[in-house]
Amino acid sequence: MMDEDTKGILAVLITVIMGIALIATVFCGAYYYTRKMSISNFQVTIKDLSDEQKCIHICGFEWHGYFENYKFCMEKCDRISERTLSQSSG
């Protein structure tokens, strides 16, 4: 059978493992909730925008801090906008 010292060490070990698991769960839950709220807020923000405005808004979020990629994204938005205008007028 187990003596008192072994039971005490086992109880502390189980408590520490459960504590670490609880902390990890809280961090994962907070990350998930923050990410979910971020996506929801983004969708609400672009809901009433035109396609060109949506494209520009997405470029700003997607390529924040990467100027060359941002410029490339904006050029794609311009081409999409031109295509949309030519289809609606043609």
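Data table
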quantity	calculated
Cα-derived Rg to Rh of the chain, Kirkwood definition	1.47
Separation in nanometres of the label points that stand 7 Å from Cα toward Cβ, at ILE23 and GLN53	4.6 nm
Range of Cα positions in the range 1-47 per principal axis (Å), largest first	66, 12, 6
Per-residue [θ]222 nm for the chain (sum of -39500 (n - 2.57) over DSSP H runs n ≥ 4, rounded to 500)	-31000 deg cm²/dmol
Residue among TYR31, LEU49, VAL16 farthest towards the positive dipole end of the chain, charges placed on Cβ	LEU49
Two-site FRET efficiency, ILE46 against ASN69, from Cβ-Cβ distance with R₀ of 22 Å, rounded to 0.05	0.65
In the range 19-85, the chymotrypsin sites (Phe, Trp or Tyr not before Pro) that fall in loop regions by DSSP, at most 11 other Cβ within 10 Å	TYR66
Charge dipole magnitude, Cβ of K and R +1, D and E -1 - the chain, Cα centre, debye nearest 20	300 debye
For the range 31-44, Karplus couplings with θ = phi - 60° (6.51, -1.76, 1.60), whole Hz, Gly/Pro x	4, 4, 5, 4, 5, 5, 5, 4, 5, 4, 5, 4, 5, 5
Qualifying trypsin sites (Lys or Arg not before Pro) in the range 1-81, DSSP loop, other Cβ atoms within 10 Å at most 15	LYS47
Residue among ILE14, ILE23, ILE46 with the largest mean-square fluctuation in a Gaussian network model of the chain, springs linking Cα atoms under 10 Å	ILE14
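Quick note: the coordinates plus some simple rules give every number you see, no bench work behind them. Since the model is a prediction, treat every value here as computed from it, not as a measurement. Counting neighbours? That spans all protein chains shown, and the Cβs are built from the backbone with ideal geometry, glycine included.
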